[in-house]
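A short write-up of the structure that comes next.
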């Protein structure tokens, strides 16, 4: 079974002339903004949530881990289940469930209910990205698929540039529950936009969970490992950025939202660069991005106590970390095509395995008294492992070609 992304001739004629400006890509970007805000804004709200729900900082980090676990399950299970219905219908249904999950987080009376809402929302996040990428890639020719993915993922970067700092400010003034209310409103708007402008495109071939066996191909496993450790290394360090900036760098809590803007700008720049470069050279883009990320993490871990160096390094960490994101998607899909629809969800699951482990281990390290820079060093080690796996994958491919 191969993964085909072939739109109808009418769709191709209308879209390939201007693949980066088609309304469907903007609707998908708006939806990715909503799911990105739900995923990332929690980092700036952790101190408030911990205090309001009477849990420790490390325990509050479980909300990040739970969302990532939900993404993993959704990317594999829901994406597979929804492969049997048209992609547009799947996206609309996921939007409705996403709204329900965030309503639970907004209105939940205790930590358990809020946690349940995060898991539900995370599951729809993973499936949305998996199905959405099938649609985005269907709207571009082979030479522009990286850009199509980057256009859709631009919503995630804007969620960091605008959503995270503004959401953090809103949470500080009106309470963190108000932030989830805004996410609900955005999700409703995005779902209506998808209903209005996303065209009916060809589905990826249907698949079942038995097709997961195709992900056991050596190159597919290596590609998923690279995505897991590379993206997880960045996100694990970022999860506790608010705590690092306030407790190590010496910034007041009120400054955190605006400092996180630099991280978001870095994501936006990295996504734009990565989307262009990955269409030219996939492995070179991944190697350069990961090397840059590792260097920045070492600098941030070493000089987190220097206020100016810390925020500059934070921005660069976002840039290098997200420059590799389109490459992770392309590399996993390239080596997992036989898995059918699951191939589009596999890279989403892979990066969120890293996110879940990174945020969980980072929380344990802080709780254990290893300090608020320990998640950064954990992230650097994960990035190093990703580089090793990339080198192994390149050497394996070279041997296979001989």
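The values are calculated or read from the model by the stated rules, or taken from the named source; none is laboratory data. Since the model is a prediction, treat every value here as computed from it, not as a measurement. All Cβ positions, glycine included, derive from the backbone under ideal geometry; neighbour counts span all protein chains shown.
Here are some notes:
- Residue 311 being within 15 Å of residue 247 (Cα to Cα) and part of a helix (DSSP H, G or I): yes
- Candidates 116, 91, 103, filtered to the one that is farther than 30 Å from residue 148 by Cα, touching a helix residue (DSSP H, G or I) at 6+ places or on another chain (Cβ under 7 Å), assigned to a helix (DSSP H, G or I) and touching a residue at least 60 places away in the same chain (Cβ under 8 Å): 103
- Test: residue in the stretch 195-202 that is modelled with pLDDT of 85 or more and part of a helix (DSSP H, G or I): yes
- Take the conditions (1) over 22 Å from the mean Cα position of the chain (by Cα); (2) assigned to a helix (DSSP H, G or I); residue 369 misses just one of them, which is (2).
- Considering residues of the stretch 253-298 that are surrounded by fewer than 19 Cβ atoms within 10 Å (Cβ to Cβ) and without any contact (Cβ under 8 Å) to a residue 60 or more places away in the chain only, the residue nearest to residue 224 (Cα to Cα): 282
- Applying the condition of being surrounded by fewer than 24 Cβ atoms within 10 Å (Cβ to Cβ) and within 18 Å of residue 126 (Cβ to Cβ) to the stretch 334-355 and asking which residue is modelled with the lowest pLDDT yields 340.
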